[in-house]
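Single-structure report; data block below.
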Amino acid sequence: MTPLAAGTPTRPCRSCLRRSWLIARLSGHIELAWSARRGSAGLLALDDQALIVSLAGDRLAVVAAEYERFDDDATRSRCATSGVTALCSCDARYPVQLHDLPDPPAVLYVRGDLGRFERAIAADRVAMVGARRATEYGLQQARGIGRGLAAAGLTVVSGMALGVDAAAHVGALDARGLTIAVLACGPEQAYPASKRHLHARIVASGAVISELPPGTPVRRWAFPARNRIIAALAQATVVVEAGERSGSLITAGQAADLGREVAAVPGLVTAPLAAGTNALIADGAQLIRGPHDVLELLFGAAALTLLPATPDERVVGLEPDLRALLERVGGGCDTVAALASSGTDVDAVLAGLAQLELRGLVRRGPGGRYTATA
Amino acid sequence: MLARVVTFAIDGIDPRPVWVEVDIRPGLPTFRVVGLADAAVREARERVRAAILNSDFEFPARRITANLAPADLRKIGPGFDAALAVGLLAASGQCSVDALDRWAVFGELSLTGTVRPCRGVLAVAEGARRAGVAGLVVPRERAGEAALVDGLEVAGVDDLRGIAALLNGGEVPPPPVPAPASPAAAVQDAPDLADVRGHELPLRALEIAAAGGHNLLLEGPPGSGKTMLARRLPALLPSLTRAEALEVTRIYSVAGIGHSGGLAVSRPFRAPHHTVSPAGLVGGGRPPAAGEATFAHHGVLFLDELSEFSRPSLEALRQPIEDGEVVIVRGQQALRFPTRFTLVAATNPCPCGFAGSERACRCGEHELARHRRRLSGPLLDRIDLLVTVARPSAVALADPPTTSSEAVRQRVLAARERQSARLAGTAVHTNAQLDARLLRAHVQLGATARRTLAQAYDRGGLSARGHDRVLRVARTIADLADRDAVELGDVLQALALRTRETNDDAVAA
């Protein structure tokens, strides 16, 4: 977090800061317009004056006066106190991909190390989105693909929502890779609140960003708006689980409109949460069976070399008996009963699993089933 | 003329001496009972009058006042009938006053003068011995129960005339035989671990729970065998000592449930339904009565479908688990009910019950999170062991038995002996009761074990309380292995027996 020096008046510039302040100021009005089904997609493309006139209603004079008196230094110091860096669209470090949008955010507020954010943007980026109420299958796929892509040096972009989004971030973090979370509120807040530990992890080893200034509360209209940022930042958007009318499909549509690749993980044709993803595949989205399919989509067949061929150094250093146990977990012996029934005694199995879990090589899911993560 | 008879009131499950004083003097014929008596005791006047007349005694047509002392103790139930009648007979010169110094009297009267059996005779007998009374007169059906108490002369009587004859120097009936316990039947009936197949993890957890007195949560889909496993825990515990058996028998005698008068032989197993009220679970009501937690004293309290219990009920369990007793305050009195039990709770892994099993789970992360929230909190903080019960595979079902209850019990007994030797001179007996100070004194970890535990703690998967629980369980695992030192393997096993799922939000190591 780089507090901005008071002596640099141009970056972030006053007009960009004022633009993002205005959107946050009118957030409630946008919400009303959005709820009334007038749609918000076009709204963010309006210029400042048009925005005030079309949205402020009877508060027009008040908002216009506040707009004239806008104090950009207040926003700057607010950013500094909440550890947020503001990158305005005139800034060279502003992600160029966002200019593909008809309504690019005027300012990106970045919580987390700015240098790391720049590295994350400079790398190849894949967006992963999906259902909040995901199944264990969806969560496993999201984690596995997130981990594989991050291990191959890609940046995983998602929205930190419950379910698939969070699992994708966790996968990337587990591989010690880079990940960017795009929020629908100020980037210093953890939304949803139950993901505050994840928020802290991403801030510490990735970046949490938003187009809304610190302190802006969450509004419903802001979710599709943040989805457009996710779609624009990434070269490809992978949908992991989505129902028939899922918000993830909006992101996929936005990605397609921007000319980005769209891909989806298939599910059972009878599963409600696979209806959206299977439909995407039927419409021509790339079918994804694992991280290698995403890499192939982006870089062609040669890309498979990107996946680390040498095993994880954590696995190489394992004691022989732990390694054997890990292999058996990977081979489908996933419960203590199954592992203990073939000779090894329960004590040794329990102790071994605890050690593997502590080293992050296995994780315990519902039903006490272990899965290998390396 | 004045007569005084010793009897006993039951306060919670504790006997309290009560002196029934009967005064008869000239005046208009009345019969008053004073001294904080409840409705059943006030009704005693009618029963006493009829019983005296039907036993061919004379009911004095004078001013009769009976006082139950001490006046500040609430007297509950019909057990004072016999003492009131005897006091009245003695005060009117129809039986000997002197014998009342030797004998305490306890029993309910019927209108015919028969002495009816009533609840809590064992508690009364214990109270009589403690109060230094030489003998106790009780209904004949309950004499065997009273005879369980050593050093007390017990006379079982049939009716009021029998009591009067005894007090007037008549022949004391032959001492009753202590009510028989039937250990053989109890042991045969107890389900055995030899019937269990393919449950290696929960079996290990049951053994550790039995050895260290740890509370246990079993999580698994419907039909995976959670209840079956929980029912096998009492047979793994050491046999009741005589003092414990008397205490258990007394609780059941006072409550008048499932009780033949004999000494309890097996440890109680209570499985209240999840609709139980807080008062039903921990005791309460008016007059205050013991709840399931007390009925499970020295045994096992099994809460099936833990997430279905109401929050107030589960909250109410905190004190009994923590303190080993429930204190119920009603008006000016505070009643204590003992509640030292091992808690076994069972729950489905998710609302539909099939998360992580072969059948597809239909719950989303939302429902799972809500389910987990219902289970979290203060009660879970007091459960040392959390294990998953999976449906055993068909192959495992055909396997030979892996162990038997008796084999496990021998290891449990040895581990318990190690604990009592180590904890001699402290107020606690099992590892589950170790507080932070005792843990520091009795669990010394090697450098690797300490580092591993610190790593688990730093990863955020372990709370401060969870840290202590791991140490307690590790201590028991070492005790089961007959070792003084707690080793790395013990700590690792304890860790594996704690968390349910890897915590994604934990900060990576």
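What follows is calculated from the coordinates using simple rules that are stated; it is not laboratory data. None of the values given here were measured: they were computed from a predicted structure. Here the Cβ is made from the backbone with ideal geometry for all residues, glycine too, and neighbour counts use every protein chain on show.
To check you understand DSSP bridge types, tell me what percent of the beta bridges within chain B (both residues inside) are antiparallel, rounded to 5.
45
List the equivalent ellipsoid semi-axes of segment A:313-372 in whole Å, largest first, each obtained as the square root of 5λ for an eigenvalue λ of the Cα gyration tensor.
Each semi-axis is √(5λ); the values are 16, 13, 10 Å.
Put +1 on the Cβ of each Lys and Arg and -1 on the Cβ of each Asp and Glu in chain B; which of B:154, B:5, B:93 then has its Cα farthest toward the positive end of the dipole?
Checked the options; the winner is B:5.
Can you put B:1, A:128 in order of Cβ neighbours within 10 angstrom, beginning with the fewest? Present the calculation step by step, with values, prior to reporting the outcome.
Numbers: B:1 13, A:128 34.
Listed from fewest to most nearby Cβ atoms, that is B:1, A:128.
Could you tell me which Cys residues in chain A have no other cysteine's Cβ under 4.7 Å from their own Cβ, answering none if every one has a partner?
So far as the 4.7 Å Cβ criterion goes, A:13, A:79, A:90, A:185, A:333 stand without a partner in chain A.
Would you mind computing Rg(Cα) / (2.2 N^0.38 Å) for the protein assembly as shown, counting N as its residues?
Against the empirical 2.2 N^0.38 Å value, I get 1.28 for the protein assembly as shown.
Per residue, what volume in Å³ does the convex hull of the Cα atoms of segment B:281-430 enclose? Could the numbers behind the result be given before it?
Values: hull volume 23.2 nm³, N = 150.
About 155 Å³ per residue, rounded to a whole number.
Considering just Cα atoms, how many Å³ per residue does the convex hull of segment A:68-192 enclose?
Working: hull volume 15.6 nm³, N = 125.
Cα convex hull per residue, to the nearest whole number: 124 Å³.
State the Kirkwood hydrodynamic radius of segment A:199-265 in Å, one decimal place, computed from all pairs of distinct Cα atoms.
In segment A:199-265 this quantity evaluates to 13.2 Å.
In deg cm²/dmol, rounded to 500, what helix-only [θ] at 222 nm does chain A give when every DSSP H run of at least 4 residues adds -39500 (n - 2.57) and the total is split over its residues?
Helix-only estimate at 222 nm: -13000 deg cm²/dmol.
Of the options B:41, B:334, A:27, report the single residue whose Cα projects farthest towards the positive end of the charge dipole of the protein assembly as shown (beta-carbon charges: Lys, Arg +1; Asp, Glu -1).
After comparing all options, I get A:27.
If you put +1 on each Lys and Arg Cβ and -1 on each Asp and Glu Cβ, how big is the dipole of segment A:140-271 around its Cα centre, in Debye rounded to 20?
Using Cβ point charges on Lys, Arg, Asp and Glu, segment A:140-271 gives about 240 debye.
Could you please tell me the mean projected area of the C-alpha convex hull for chain B, averaged over all directions and given in square nanometres to one decimal?
Projected area, direction-averaged: 27.3 nm².
Among A:373, A:344, B:275, B:476, what is the fewest-to-most ranking by other Cβ atoms within 10 Å? Each step should come with its number before you reach the end.
Details: A:373 23, A:344 15, B:275 10, B:476 31.
So the ranking, lowest neighbour count to highest, is B:275, A:344, A:373, B:476.
If we sort A:138-146, B:71-79, A:195-203 on the protection proxy, mean other Cβ atoms within 10 Å, highest first, what's the order?
Answer by packing, highest mean first, reads A:138-146, A:195-203, B:71-79.
Hey, could you pull the Cα Rg and Dmax for segment B:85-212, both in Å?
For segment B:85-212, the Cα radius of gyration and maximum Cα-Cα distance read 21.9, 74 Å.
Name the residue farthest towards the positive end of the dipole of segment A:114-306 from the options A:280, A:157, A:294, assuming +1 on Cβ of Lys and Arg, -1 on Cβ of Asp and Glu, about the Cα centre.
A:157
How compact is segment A:138-219 by the rule of thumb for globular proteins, expressed as Cα Rg over 2.2 N^0.38 Å?
Details: Rg = 11.9 Å, N = 82, 2.2 N^0.38 = 11.7 Å.
Against the compact-globule rule of thumb, the ratio is 1.01.
Convert 20 °C to kelvin, take the viscosity as 1.002 mPa s, use the Kirkwood radius over C-alpha pairs of chain A as Rh, and evaluate the Stokes-Einstein diffusion coefficient in µm²/s, rounded to a whole number.
Approximately 98 µm²/s, per Stokes-Einstein.
Let me check against my output: what whole-number percent is the relative contact order of segment B:2-167, with C-alpha pairs under 8 Å and at least 6 apart?
25
In whole Hz, with x marking every Gly and Pro, tabulate ³J(HN,Hα) for segment B:11-19 from phi via Karplus 6.51 cos²θ - 1.76 cosθ + 1.60, θ = phi - 60°.
Each residue's phi maps through the Karplus curve to give 10, x, 10, 9, x, 10, x, 10, 9 Hz.
Return the percentage of antiparallel bridges among DSSP beta bridges fully within chain A, rounded to the nearest 5 %.
Close to 35 percent.
What's the percent breakdown of Cα-Cα distances in segment A:209-342 across 10 Å bins, shortest bin first?
For segment A:209-342, the pair-distance distribution reads 11, 26, 25, 24, 13, 1.
Can you sort B:309, B:59 so the residue with the fewest Cβ neighbours within 10 Å comes first?
B:59, B:309
Of the DSSP beta bridges with both residues in the protein assembly as shown, give the percent that are antiparallel, rounding to the nearest 5.
Within the protein assembly as shown, antiparallel bridges account for around 45 percent of the total.
Over its Cα atoms, what ratio of radius of gyration to 2.2 N^0.38 Å does segment B:193-396 give?
That ratio works out to 1.07.
Would you mind checking the tilt of helix A:14-25 against the longest principal axis of the Cα atoms of chain A, expressed as 0 to 90 degrees and rounded to 10?
Helix A:14-25 sits at roughly 80 degrees to that axis.
Please report, in debye to the nearest 20, how large the charge dipole of the protein assembly as shown is about its Cα centre when each Lys and Arg carries +1 at its beta carbon and each Asp and Glu carries -1 there.
It works out to roughly 1340 debye.
One quarter of the convex hull surface, Cα atoms only: what value does that give for segment B:1-99 in nm²?
Mean shadow area of the hull around the Cα atoms is 6.0 nm².
Roughly what % of Cα-Cα distances in segment B:2-167 sit above 30 Å, to the whole percent?
7
For segment B:293-357, what does the alpha-carbon gyration tensor say about shape, rounded, prolate or oblate, given a ≥ b ≥ c as the root eigenvalues, a/c under 1.5 as rounded, and a/b over b/c as prolate? Intermediate results must be reported in sequence, preceding the final value.
Working: a/c = 4.12, a/b = 2.17, b/c = 1.90.
In terms of gyration-tensor shape, prolate.
Below 8 Å, C-alpha to C-alpha, sequence gap of six or more: please give me the relative contact order for chain A in percent.
Relative contact order here is 13 percent.
For segment A:114-306, what relative contact order do you get, as a whole percent, if you take Cα pairs closer than 8 Å and at least 6 residues apart?
The normalised contact order for segment A:114-306 reaches 20 percent.
By how many degrees, between 0 and 90 and to the nearest 10, does the Cα long axis of helix A:247-257 differ from the longest principal axis of chain A?
The helix A:247-257 is inclined about 70 degrees to chain A.
If R₀ is 30 angstrom, what is the calculated FRET efficiency for the pair residue B:36 and residue B:336, using the beta carbon separation as r and rounding to 0.05? Each step should come with its number before you reach the end.
Working: r = 19 Å, r/R0 = 0.64.
FRET efficiency, residue B:36 to residue B:336: 0.95.
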